[in-house]
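The values are calculated or read from the model by the stated rules, or taken from the named source; none is laboratory data. Everything numeric in this text was worked out from a predicted model, so none of it was measured. Ideal geometry is used to build each Cβ from the backbone, glycine not excepted, and the neighbour counts take in all protein chains shown. Heavy atoms of the whole protein, side chains included, go into the accessibility calculation; ligands, DNA and RNA do not. Shrake-Rupley method; radii C 1.70, N 1.55, O 1.52, S 1.80 Å.
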Amino acid sequence: MPRDTRTIVKIGLDFLLLLTVGIPVLLYHLHGRPTIRGFNCDDDSIRYPYRDSTITNNVLYIVGIFLPVTVICVTEFTNEARSKRESRGQVYVLLGRPIPHVIWNIYKRIGVFLFGACMSQLTTDIAKYSIGRLRPHFLYVCQPNVNCSLEDPHAYIFDFVCLGRDHNAIRESRLSFPSGHSSFSAYTMVFTVIYLQACMCCKVNRLLKPFLQFLLLMMTWYTALSRIADYKHHWSDVLIGFLLGVIVAVIVTMFVSDFFTEKRAKEEDINLQNISTDAPVVNYNTMENRPESH
């Protein structure tokens, strides 16, 4: 197969697999119906007031996508400018022209990142719509046609109708477990932290990289805490969502990406160069003229 055709097939297959994981996420968002669960009148965990999100969906997704992509682009261009070395691997050709190594690296990094983000989100959505756990502000949003003063407080009430007018808010109030904000922010930020650990080379200041990694972790930590403070999730929803995002990020960076494979290859190159530089130089002409010892 010609190189040009091989590259087109590879890129097309990448996008096909990405859409295969991403389209179900969109379908869940547009047409998903959560499992309908009842409630107990004495359940104080779903009696909290409704509050606007400190971290809105738009901010979450814009920062969660834009920031890692920017970090990847800046890091790859910086590494390319510093190394000035050609790739030892396969050279990809598109439309008869070779693709620059830095552009192909950025494409691979961002592709893996987006694929993992879709997997994390799809895993979260499957749990959300399958379990249908009620959010802490469920009763405030739903306004069920139930007079709890006349009911057994320990009875499980399933036959009720929500009188609230915001049908989208009522639907969202049944999607508490796990926290989507926590899982998505944890995946994107932990992925970026691991990427920086594997690919960022900072010789200016040895504290710069851990400082950036700390900032990224604090962003996802604050996002997770805000979901509890805003009465959007129970603490267990946030914990499981956070762990889910971290696990997906570790799996993607360790077993799907080639971050550490390339890092080991570069370290081997440096070791070989050091060995060749430190090896003693032997002058065989001098040895031939040296008199024999008796």
For the chain, cysteines with no other Cys Cβ under 4.7 Å from their own Cβ are listed as 73, 118, 199, 201, 202
Sorted by accessible surface (1.4 Å probe, heavy atoms of the protein chains only), largest first, 244, 239, 175 come out as 239, 244, 175
Diffusion coefficient in µm²/s returned for region 107-202 by Stokes-Einstein, Kirkwood Rh over C-alpha pairs, 37 °C and 0.692 mPa s, is 201 µm²/s
Checking 146, 25, 238 against a Gaussian network model of the chain (alpha-carbon springs below 10 Å), the top fluctuating residue turns out to be 146
Extension length gain for residue 10 and residue 147 (0.36 nm per residue less Cα distance), in nm, is 43.3 nm
All alpha-carbon distances of the chain, grouped into 10 Å bins from 0, give the whole-percent distribution 6, 22, 24, 18, 12, 8, 5, 2, 1, 1, 0, 0
Of 68, 144, 98, the most mobile residue in a GNM of the chain (C-alpha springs, cutoff 10 Å) is 98
Taking N as the residue count of region 163-202, its alpha carbon Rg divided by 2.2 N^0.38 Å gives 1.96
From most to least accessible, 1.4 Å probe, no ligand or DNA/RNA atoms counted, 108, 128, 203 line up as 203, 108, 128
Measure of exposure for residue 124: accessible area at 1.4 Å probe, Å² rounded to 10, is 0 Å²
For region 166-183, Karplus-derived ³J(HN,Hα) couplings (6.51, -1.76, 1.60; θ = phi - 60°; whole Hz; x for glycine and proline) come out as 8, 5, 5, 5, 5, 4, 5, 5, 9, 10, 7, 10, x, 6, x, 4, 5, 5
Relative contact order of the chain (C-alpha contacts under 8 Å, at least 6 apart) in percent is 25 percent
Quick calc, the chain, dipole around Cα centre from Cβ unit charges on Lys, Arg (+) and Asp, Glu (-), nearest 20 debye, gives 620 debye
Scalar couplings 3J(HN,Hα) for region 190-206 by Karplus 6.51 cos²θ - 1.76 cosθ + 1.60 (θ = phi - 60°), nearest whole Hz, x for Gly and Pro, are 5, 4, 5, 4, 5, 4, 4, 4, 8, 10, 7, 10, 10, 9, 6, 8, 6
Helix 3-31: inclination vs the chain longest Cα principal axis, degrees, rounded to 10, gives 20 degrees
Sorted by chain and number, the residues with a modelled amide H under 5 Å from that of residue 94, at a separation of 5 or more or across chains, are 99
Around residue 4 (Cβ within 12 Å, Cβ-to-Cβ, excluding residue 4; K/R +1, D/E -1) the net charge comes to +4
Given Cβ charges of +1 for Lys and Arg and -1 for Asp and Glu, the option among 256, 98, 119 whose Cα lies farthest towards the positive end of the dipole of the chain is 98
Per the rule of 0.36 nm per residue minus the C-alpha distance, extending residue 67 to residue 161 adds in nm 29.6 nm
Taking Cα pairs closer than 8 Å and at least 6 residues apart, the relative contact order of region 5-159 in percent is 55 percent
On the formula 1/(1 + (r/R0)^6), with r taken between the Cβ atoms of residue 212 and residue 35 and R0 of 25 Å, the FRET efficiency rounded to 0.05 is 0.05
Ranking 54, 161, 138 by how far each Cα lies towards the positive end of the charge dipole of the chain (+1 on Lys and Arg Cβ, -1 on Asp and Glu Cβ), the top one is 54
Checking 181, 167, 137 against a Gaussian network model of the chain (alpha-carbon springs below 10 Å), the top fluctuating residue turns out to be 167
Of the accessible area of region 170-237, computed with a 1.4 Å probe and all protein chains kept, carbon and sulfur make up a percent value of 73 percent
Rounded to the nearest 10 Å², the accessible area of residue 130 using a 1.4 Å probe with every protein chain kept is 70 Å²
What helix-only [θ] at 222 nm does the chain give? Using -39500 (n - 2.57) per DSSP H run of at least 4, over all residues, to the nearest 500, the answer is -21000 deg cm²/dmol
Note to self: Kirkwood Rh of region 1-146, Cα pairs, one decimal, Å, is 19.3 Å
For region 147-156, Karplus-derived ³J(HN,Hα) couplings (6.51, -1.76, 1.60; θ = phi - 60°; whole Hz; x for glycine and proline) come out as 9, 5, 5, 9, 9, 5, x, 8, 6, 8
Given the candidates 72, 195, 244, the one whose Cα lies deepest towards the positive end of the charge dipole of the chain, counting +1 at each Lys or Arg C-beta and -1 at each Asp or Glu C-beta, is 72
Once all protein chains are kept in place, residue 148 shows an accessible area at probe 1.4 Å, nearest 10 Å², of 40 Å²
